[in-house]
1. I need the full set of residues from the stretch 264-314 which are crowded, with 24+ Cβ neighbours inside 10 Å and within 20 Å of the chain's Cα centre (by Cα), in order please.
2. Which is part of a loop (DSSP other than H, G, I, E, B) and in contact with a strand residue (DSSP E or B) (Cβ under 8 Å, 6 or more places away or on another chain), of 216, 253?
3. For residue 304, only one of the following conditions fails: (1) closer than 20 Å to residue 189 by Cβ; (2) free of Cβ contacts under 8 Å to residues at least 40 places away in the same chain; (3) assigned to a helix (DSSP H, G or I). What is its number?
4. Looking at 277, 353, which one is farther than 24 Å from residue 177 by Cα, touching a residue at least 12 places away in the same chain (Cβ under 8 Å) and assigned by TED's automatic domain parsing to the domain that holds residue 225?
């Protein structure tokens, strides 16, 4: 396909997305004013027809992204991402309106302020997520008690960075700030658990160059994520990382020495869904030692615990990225796909920690799931 056609499809995609959100917002006040369910249902049918066109454009765009020569425009990523975020919020708002639709005899003139406020909600939520929380980097300290931890590793401090996604939604200056914050924690070991970029292999070198500034007594190690797989830059990441002092472990294990003690550190490439997890990874275990596994995908945890891995560090979920907390229950898209969205999980003596990560994907926003630099301290008791 000619590149000019690809550009046209790119423009059509986010233009259509923005048009859809405009329709949603302009039709929402009218939907609130409907006095009977039939007219409201007819309006929803019109909205869903437009949504079908948007989904078709999304599918076409996703297919075109597979072409290596597909032009990548950062301004297009921002336009598309904000349109998608707007769509998520306005779509949810329409669902709320449907549940709270007015009975017959409702006089909309009495609630014009409510109607105007409802139409403004998407912009407020999108703005808060994109401007306020997306770059609010913080340190999350987690103390993990492991019954099989050797005495020499008691108190070991590990810094974990994951899901960096250097690109349009995370600038180099942001990543430098994250690395500086990580170094201030004076870790014994630093690990990077995948998704260095989103889809542009040409930004990989920049990401690795900045990550090379991480400082840890035992060095910097990592594993690769699904976005390295999609970008087909796994070999390049390992090669360039090694030249900068970052060792990415691809179905490999290393004995990491810390003073008079050591641990067995292993890493695996992204473990795809619907395939056997950690096939052959049991060969990387060190019998009688402390075994730490780096896996971008947290769904491997039941298999990892069964194989004998004492601790697994993972990311991938972004902690939900857009999360709504209600009565200590958290609603996000990630919960539809995994039981391991964020935090510490246990299975017998084994444990996994899933970090929210640093960057964002698809939409340039976080809500209820701020980015984190994880500082993990291992304890015997």
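1. 267, 268, 293, 294, 295, 296, 297, 298, 301, 312, 313, 314 - these are the residues of the stretch 264-314 that are crowded, with 24+ Cβ neighbours inside 10 Å and within 20 Å of the chain's Cα centre (by Cα).
2. Working: 253 fails: part of a loop (DSSP other than H, G, I, E, B).
Every option except 216 fails the conditions.
3. Of everything listed in (1) closer than 20 Å to residue 189 by Cβ; (2) free of Cβ contacts under 8 Å to residues at least 40 places away in the same chain; (3) assigned to a helix (DSSP H, G or I), residue 304 misses just condition (2).
4. Working: 353 fails: farther than 24 Å from residue 177 by Cα.
277 is the lone residue from the list that is farther than 24 Å from residue 177 by Cα, touching a residue at least 12 places away in the same chain (Cβ under 8 Å) and assigned by TED's automatic domain parsing to the domain that holds residue 225.
The values are calculated or read from the model by the stated rules, or taken from the named source; none is laboratory data. As the structure is a prediction and not an experimental result, all values here were calculated from the model. In this analysis, Cβ positions are derived from the backbone assuming ideal geometry, glycine residues included, and neighbour counts consider all displayed protein chains.
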